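The structure appears below as structure tokens.
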Amino acid sequence: MAQSLMRITICSPATGSNFFPCGKIISRLIQVLQNEHVLFLAPRRTGKTSVLLYLQKVAPAKVVFLDLEGFDHPDLWIKSMINALGDIKDEIWVQKLKSLKNFMPRLRSDLIEIAEANWEEKANNLLKALNELNEPVWFLFDEFPIMIDNIAHKHGTSLASAAMHWLRRVRQENVESSVRFLLTGSIGLDSVLQRHGLRGAANDLRRETLPPLSPEEALQFALRLAGDNQIPLSEQVAKAYIDRLGPAVWPYFIQLFIAELQERAANPEHGHDVAVSYQAVAFGEHNQFSSNMWTRLRDIFNDAELDIAQKLLKTIASRDKGVSLTELRVQLPELDEDDFSYVLDVLQHDGYLFEDGNAHLCFFSNLLRDYWRRKGHL
């Protein structure tokens, strides 16, 4: 059977033939989820949603994928779990649900009656029923940290704490259960919990990180995407672009490059042309990653923290090879130590910065660094 063509996908998750296989992380998640619960760490625009949607198709379990970004109360969360379980298209599964004394249909008919005061009772009943099934069920919760943050802001820290500790209690008191939870999001769960004083509520989760593409994978992906879209691209030019991206290369950054070549309808064969293409990708309208990362600082920090974040990022952006932690403290002595550590931790968890092999703090992507330089007039 002929291989399906891979299309350029920039604004939505890559699925089906458009998904570039991430075999190692898929296999890893399948292995780990059979025994543990997972905190899946992956910054924005790195393909985590595509990975989870693919996992949903190949996992040896019934898998429920839920985007929780718009939720601001646990009852909405529990309702979505119930709805999704009832929507699984599998006749054997449906018959098993019916065997539970009509439990799932009753849950669904009572959805409107879930009140803010009894969401936890309904949640406990749901997990009890799933455990009776003795069927592997995996819940993949995307944007879980945002939901917890929304709950805390709208209803107070106590309710956010109740939601976190209910899930922790479920994980710890049901060791023999076949129900598993994977939590992920575009902001770090640890930083959200720290902000709201909920430390320790997620320290039992197995942490798995979505790795960037290797140079070989990046090259393979670039050449295939270009070829499938009838865009001339030599291996030399593809390598030159990939080298400019720096140590962290993700499918999205390759997609941006191929989209740029498609618009130009030309094959850049010289280094200068690669430089021009890179500049067009870094500062072009398709690169929503960098512009979103620039503006979202105001969403994740208060005014004092924002000032610290901007100083840190401006200092690090000014250096091609990053800055050591010691030098960074020397250059910014006026910053409070606790605030400095907290902001730096958030910037690392949320995909702005990483520590390289030389213990230097660098931008997560050269595209983001160069965008920061232009916006910051460096």
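The values are calculated or read from the model by the stated rules, or taken from the named source; none is laboratory data. Computed from a predicted structure; not experimentally measured. For neighbour counting, all protein chains shown are included, and Cβ atoms are generated from backbone atoms with ideal geometry for every residue, glycine included. Accessible surface is based on the protein model in full, side chains and every heavy atom, while ligands, DNA and RNA are left aside. Shrake-Rupley method; radii C 1.70, N 1.55, O 1.52, S 1.80 Å.
Taking the range 314-378 as the region of interest, the helices (runs of 4 or more DSSP H) fully inside it that hold 2 or more residues being farther than 20 Å from S186 by Cα and hydrophobic (A, V, I, L, M, F, W, C) are 325-331. Would you confirm whether any residue within the range 19-39 is open to solvent by less than 40 Å² (accessible area, probe 1.4 Å), part of a loop (DSSP other than H, G, I, E, B) and aliphatic (A, V, I, L, M)? No, the conditions are met nowhere in the range 19-39.
Just one of the listed residues (H272, H286, H377) is open to solvent by 10 Å² or more (accessible area, probe 1.4 Å), at pLDDT below 90 and within 17 Å of W250 (Cβ to Cβ), namely H286.
Just one of the listed residues (E208, E216) is open to solvent by less than 50 Å² (accessible area, probe 1.4 Å) and of a type outside the set (V, I, T), namely E208. Scanning the range 152-179 for residues that are modelled with pLDDT of 90 or more, open to solvent by 20 Å² or more (accessible area, probe 1.4 Å) and either in contact with a Ser or Thr (Cβ under 8 Å, 6 or more places away or on another chain) or charged (D, E, K, R) (or both) gives K154, R168, R169.
The lone criterion from (1) touching a His at 6+ places or on another chain (Cβ under 8 Å); (2) closer than 23 Å to S50 by Cβ; (3) modelled with pLDDT of 95 or more left unmet by G188 is number (3).
Note on the range 186-205: residues that are open to solvent by 10 Å² or more (accessible area, probe 1.4 Å) and touching a residue at least 60 places away in the same chain (Cβ under 8 Å) amount to 5. The residue that is farthest from I92 (Cα to Cα), among those in the range 130-151 that are open to solvent by less than 10 Å² (accessible area, probe 1.4 Å) and out of contact with any strand residue (DSSP E or B) (no Cβ under 7 Å at 6 or more places or on another chain), is I151.
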